[in-house]
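All remarks here apply to the structure that follows.
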Ligand SMILES: Cc1cc2nc3c(=O)[nH]c(=O)nc-3n(C[C@H](O)[C@H](O)[C@H](O)COP(=O)(O)OP(=O)(O)OC[C@H]3O[C@@H](n4cnc5c(N)ncnc54)[C@H](O)[C@@H]3O)c2cc1C
Ligand SMILES: NC(=O)c1ccc[n+]([C@@H]2O[C@H](COP(=O)([O-])OP(=O)(O)OC[C@H]3O[C@@H](n4cnc5c(N)ncnc54)[C@H](OP(=O)(O)O)[C@@H]3O)[C@@H](O)[C@H]2O)c1
């Protein structure tokens with residue numbers, strides 16, 4: 001059955017469990033979602049799209065700041081007639097301010113918006129992004145009580161609430177008719193307000209086993225395992241929530257008795273608090289599904305140890321796996337980790353493969369072209 005944004009499968013949560021332990025600086029959770037009877041199918045490497053609803057308290061704060069009646073009927077971005085409250089709850093992106101909203105507010109607030117209105121010029125894009133970091137629509141409304149909006153006018157400045165993607169952390173062969181996710185709950189404080197990531201806090205705080213969760217699969221075509229009969233080794237690099245697809249990979253390889261060797265790099269802040277799925281990896285090692293596990297706990301000592309440091313420490317073996325045709329998979333943070341892991345890969349090729357900087361770049365480019373260097377980073 002093909003589910004998509006217009007026709008999502010309405011799933012239900014069956015289990016939620018903390019993965020990080022009390023005392024951790026993070027809040028990362030494991031979710032199990034029931035797919036019984038849906039006919040929904042996926043492969044390791046795919047992601048699940050989840051359509052959340054917004055935080056109802058934030059909706060009420062917005063209505064109060066706007067001095068608007070939540071029962072006013074408006075046309076929602078879905079083109080349906082609904083109350084303003086329902087529209088803000090279900091259909092609109094009500095946290096990050098869009099330029100359309102800021103432009104209209106700047107017109108309404110006049111001189112009152114002098115602090116930021118100049119940043120709306122196209123050449124000030126980076127300055128605007130800096131200014132907006134940690135600021136939400138509610139902050140602008142509270143800062144400009146002089147600007148008043150009609151209900152429909154306000155809704156028209158908002159973008160549609162989009163789905164969030166999560167790498168699937170289970171294999172259908174191990175858990176038929178279920179999908180598992182590994183999600184870091186996004187919360188932070190800025191400008192004196194507690195902020196909540198829309199979808200991760202929906203999953204963590206606002207649902208139970210009865211809540212409808214609209215979902216569908218988005219295929220991770222570039223993030224596929226080799227055929228189980230194929231002896232190609234795999235190297236999986238997944239710090240933090242980047243571990244999710246590799247849990248699915250190892251479940252799948254156990255179920256299919258995959259022939260090739262497998263090496264996993266995992267890292268997070270502290271071993272005692274943030275070692276995600278710590279009880280599972282030992283069995284894979286014992287059973288020969290996983291051949292090597294390297295761990296990088298960044299905050300267990302007074303200097304940082306990251307996955308790329310472990311790659312470099314094992315450079316000779318990493319190089320020999322590469323020369324044996326290994327596929328390298330990287331999943332997790334795009335902004336810093338994926339770049340540094342890429343650098344470490346180049347350095348291993350230079351140092352162990354005796355290549356120059358340019359030759360190493362060409363080697364890595366060839367890995368990419370041969371689909372032996374695959375990334376799923378966000
Ligand atoms: C292919 C793919 C796979 C993914 N897989 C996973 C996964 O397996 N697990 C997982 O947890 N996530 C995964 N993600 C990320 C996930 O889709 C969401 O982006 C994430 O859960 C945050 O969504 P949210 O709705 O909770 O937060 P949002 O409401 O989207 O808020 C997040 C935004 O808040 C802002 N923000 C965050 N922290 C701060 C701060 N300290 N100060 C100021 N602003 C801040 C940033 O602008 C950030 O973009 C994946 C993404 C992709 C594209
Ligand atoms: N807002 C931000 O700045 C920020 C940063 C990272 C992740 N995120 C987002 O937060 C969510 C949860 O993150 P997560 O739990 O998946 O893991 P994560 O925060 O990316 O952290 C996992 C591990 O990676 C380490 N790390 C940090 N920088 C690294 C680098 N340059 N190279 C290699 N490892 C590095 C972290 O160490 P230390 O924390 O000790 O440095 C930690 O041990 C994701 O959605 C991610 O995109 C946001």
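The values are calculated or read from the model by the stated rules, or taken from the named source; none is laboratory data. Just so we're clear, the structure is a prediction, and the values are computed from it rather than from any experiment. In this analysis, Cβ positions are derived from the backbone assuming ideal geometry, glycine residues included, and neighbour counts consider all displayed protein chains.
The table that follows gives values for the structure above.
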| item | result |
| --- | --- |
| Filter pass, residue 350 being within 16 Å of ligand 2 (Cβ to nearest atom) and either modelled with pLDDT of 95 or more or in contact with a strand residue (DSSP E or B) (Cβ under 6 Å, 6 or more places away or on another chain) (or both) | no |
| Residue list for region 198-225, filter: buried (at least 19 other Cβ atoms within 10 Å of the Cβ) and farther than 19 Å from residue 12 by Cα | 220, 223, 225 |
| Extreme residue, farthest from ligand 1 (Cβ to nearest atom), among residues of region 177-197 that are under 19 Å from residue 47 (Cα atoms) and surrounded by fewer than 21 Cβ atoms within 10 Å (Cβ to Cβ) | 177 |
| Among (1) part of a strand (DSSP E or B); (2) over 16 Å from the mean Cα position of the chain (by Cα); (3) more than 12 Å from ligand 1 (Cβ to nearest atom); (4) more than 30 Å from residue 315 (Cβ to Cβ), the one test that residue 235 misses | (4) |
| Condition check for residue 326: more than 16 Å from ligand 1 (Cβ to nearest atom), free of Cβ contacts under 8 Å to residues at least 24 places away in the same chain, in contact with a strand residue (DSSP E or B) (Cβ under 8 Å, 6 or more places away or on another chain) and in the same structural domain as residue 360 (by TED's automatic domain parsing) | no |
| Condition met for residue 338 (within 16 Å of ligand 1 (Cβ to nearest atom) and part of a loop (DSSP other than H, G, I, E, B)) | no |
| Among the residues listed as 296, 258, the single one being assigned to a loop (DSSP other than H, G, I, E, B) and at pLDDT 95 or above | 258 |
| Qualifying residue in region 241-253 (condition: out of contact with any helix residue (DSSP H, G or I) (no Cβ under 7 Å at 6 or more places or on another chain) and surrounded by fewer than 19 Cβ atoms within 10 Å (Cβ to Cβ)) | no |
| Test result for residue 243, in contact with a strand residue (DSSP E or B) (Cβ under 8 Å, 6 or more places away or on another chain) and within 13 Å of ligand 2 (Cβ to nearest atom) | yes |
| Residue match in region 282-298 (condition: out of contact with any strand residue (DSSP E or B) (no Cβ under 8 Å at 6 or more places or on another chain) and within 16 Å of ligand 2 (Cβ to nearest atom)) | no |
| Condition check for residue 234: near ligand 2 (Cβ under 10 Å from one of its atoms) and touching a strand residue (DSSP E or B) at 6+ places or on another chain (Cβ under 6 Å) | no |
| Test result for residue 291, surrounded by 15 or more Cβ atoms within 10 Å (Cβ to Cβ), modelled with pLDDT of 95 or more and over 25 Å from the mean Cα position of the chain (by Cα) | yes |
| Unmet requirement for residue 343, which otherwise passes all of (1) surrounded by 14 or more Cβ atoms within 10 Å (Cβ to Cβ); (2) within 15 Å of ligand 2 (Cβ to nearest atom); (3) in a helix (DSSP H, G or I) | (1) |
| Whichever residue in region 255-279 is in contact with a helix residue (DSSP H, G or I) (Cβ under 7 Å, 6 or more places away or on another chain) and over 14 Å from residue 242 (Cβ atoms) and, among such residues, is surrounded by the most Cβ atoms within 10 Å (Cβ to Cβ) | 262 |
| Where a residue in region 127-149 is over 19 Å from residue 59 (Cβ atoms) and its partner, wherever it lies, is at pLDDT 95 or above and assigned to a loop (DSSP other than H, G, I, E, B), with Cβ under 8 Å and at least six apart | 132/96; 132/97; 134/191 |
| Selection from region 203-213 of residues that are within 14 Å of ligand 1 (Cβ to nearest atom) and not in a helix (DSSP H, G or I) | 206, 207, 213 |
| Residue among 216, 265, 246, 297 that is under 22 Å from residue 23 (Cα atoms) and within 22 Å of the chain's Cα centre (by Cα) | 297 |
| Residue in region 320-334 that is more than 12 Å from residue 237 (Cβ to Cβ) and within 12 Å of ligand 2 (Cβ to nearest atom) present | yes |
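For (1) in a helix (DSSP H, G or I); (2) modelled with pLDDT under 95; (3) surrounded by fewer than 17 Cβ atoms within 10 Å (Cβ to Cβ), each residue gets a yes or a no:
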| site | (1), (2), (3) |
| --- | --- |
| 285 | yes, no, yes |
| 300 | no, no, yes |
| 322 | yes, no, no |
| 330 | no, no, no |
